[in-house]
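Here the structure is laid out as structure tokens; the discussion comes afterwards.
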Amino acid sequence: MAKNQFRMLRSALSGVEAVEAETHHSGRGMVEAEAGDIITVNPNEVHDGAPIGEGRSCRILYFDPTIVTGLSREISESGAARSEFPHPVIRNATIAARFEMLFGAVTGDGAADELLHEELLLQLVADVMRERSGTAERPPVPASIRAARDLIDDDPLAAVSLADLSRESGLSRFQVLRGFAKATGLTPHAYLVQARIHIARRLIAQGMPLAEAAFASGFADQSHMTRVFVRKYGLSPRLYAGAFL
């Protein structure tokens with residue numbers, strides 16, 4: 001068997017991609033997870049590492065961030081939106097079973113049952129958002145760093161410099177560099193590249209040729225996009241595109 005096998009499945013839910021994988025890459029940096037655990041990865045988080053042992057088989061659902069934000073607003077009693085999952089590893093049999101039900105529903109015989117999809121998706125996101133563990137949650141991102149991050153998020157294709165982020169945040173270039181890395185786990189440049197590779201993945205999934213996807217997502221060329229794609233997802237853009245055929 002190849003080191004990484006990645007199979008896209010047709011998903012009946014718009015904005016949700018379903019994947020089955022045999023991989024030597026893991027999700028959210030250095031985490032320890034066992035069979036049956038749920039691993040969550042938020043947009044633009046560090047996404048590398050390797051599993052303990054010989055690799056893992058996993059099922060993956062990629063959610064468009066707007067879906068999670070919208071659902072979290074419905075779930076929250078205060079109406080506040082939350083776009084990030086609170087914990088990198090969830091060891092909860094009920095949530096794992098809920099995930100399996102949703103995965104099976106959107107990829108299997110129940111693919112036409114819209115009501116079932118909505119119920120399972122809403123219940124899963126609610127359970128995950130409410131999940132608590134013994135580990136402390138990440139402290140809130142300072143407003144100054146949020147402003148710098150938003151400058152990138154608002155237009156990941158735009159050229160941006162440390163001077164731009166400094167003006168937006170009201171911090172010195174060094175302060176914004178240090179604060180950004182502390183708050184997100186990434187330097188501003190690495191965060192920008194991650195945002196662009198998310199765009200590239202969506203465009204490739206939609207059938208855009210690789211060279212065009214590289215240009216449209218802000219990479220200098222296809223080779224650069226490919227290097228980043230392999231580092232993040234553990235397979236080449238060409239293999240990823242072929243999974244949709």
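The values are calculated or read from the model by the stated rules, or taken from the named source; none is laboratory data. Predicted model only: the values in this text are computed from it and were never measured. No Cβ is skipped: glycine too gets one built from the backbone with ideal geometry, and neighbour counts run over all protein chains shown. What goes into the accessible areas is simple: the full protein's heavy atoms, side chains included, and nothing from ligands, DNA or RNA. Shrake-Rupley method; radii C 1.70, N 1.55, O 1.52, S 1.80 Å.
Structure notes:
- Counted by Cβ distance under 13 Å from residue 153, the other residues give a net charge of -2, where Lys and Arg count +1 and Asp and Glu count -1.
- A simple spin-label model places pseudo-atoms 7 Å from Cα toward Cβ; at residue 101 and residue 174 they are separated by 5.5 nm.
- Extension gain from residue 202 to residue 146, taking 0.36 nm per residue of separation minus the Cα-Cα distance: 17.7 nm
- In this simple spin-label approximation, residue 64 and residue 182 carry label points 7 Å from Cα along the Cα→Cβ vector, and these lie 3.6 nm apart.
- Residues residue 119 and residue 216, FRET efficiency given R0 of 41 Å [Cβ-Cβ distance, rounded to 0.05]: 0.70
- Relative contact order (percent, whole number), the range 160-245, Cα cutoff 8 Å, 6+ residue spacing: 18
- Per-residue accessible area (protein heavy atoms, 1.4 Å probe) orders 101, 8 as 101, 8, starting from the largest.
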